[in-house]
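The values are calculated or read from the model by the stated rules, or taken from the named source; none is laboratory data. Since this is a predicted model, take the numbers as computed values, not measurements. Because the Cβ atoms are built from the backbone with ideal geometry, glycine has one as well, and the counts that use them run over all protein chains shown. For accessibility, only protein heavy atoms count, side chains too; no ligands or nucleic acids. Shrake-Rupley method; radii C 1.70, N 1.55, O 1.52, S 1.80 Å.
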Amino acid sequence: MTQVPLQGTATMTFHQPAQPAVTASGSRAPGGDDRSNTAIITRTKPKTKKPSLYRVLLLNDDYTPMEFVVLVVERFFNKSHEDAYHIMMHVHQNGVGECGVFTYEVAETKVTQVMDFARKHQHPLQCVMEKK
């Protein structure tokens with residue numbers, strides 16, 4: 001048996017059958033196999049691990065208007081007005097609130113968008129991410 005690596009994670013295995021029995025007269029014995037090689041191609045499925053998730057959090061401050069926080073949550077986290085209001089109240093009462101859980105790149109983008117939007121509107125709203 002011979003294994004030959006193929007492109008990616010596939011391998012090809014060659015099975016060479018035993019030599020067929022030959023009689024004294026030089027002919028093959030009954031049931032002899034005329035095939036010289038058999039190839040079997042197998043693919044191994046790579047194991048992919050799930051990406052790490054990150055929580056995007058808003059931090060409370062004494063200066064950003066509550067209506068602005070609701071607008072931010074609606075716009076950047078696609079929440080309904082009611083959900084955005086509940087998140088804003090949680091931030092207001094507890095000092096911090098979770099807006100969503102995302103992969104690293106998405107969370108990083110959301111934090112940047114929120115921070116840029118807050119600065120553009122001259123609010124000190126803070127948005128951070130932490131590993132879940």
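Restricting attention to segment 74-108, the residues that are in contact with a helix residue (DSSP H, G or I) (Cβ under 7 Å, 6 or more places away or on another chain) and over 19 Å from residue 53 (Cβ atoms) total 7.
Count of segment 55-100 residues, restricted to those that are among the aliphatic types (A, V, I, L, M) and open to solvent by 50 Å² or more (accessible area, probe 1.4 Å), is 4. In a residue-by-residue description of segment 73-82, the property of being among the hydroxyl-bearing types (Ser, Thr, Tyr) and either touching a Ser or Thr at 6+ places or on another chain (Cβ under 9 Å) or in contact (Cβ under 8 Å) with a residue 60 or more places away in the chain (or both) applies to no position.
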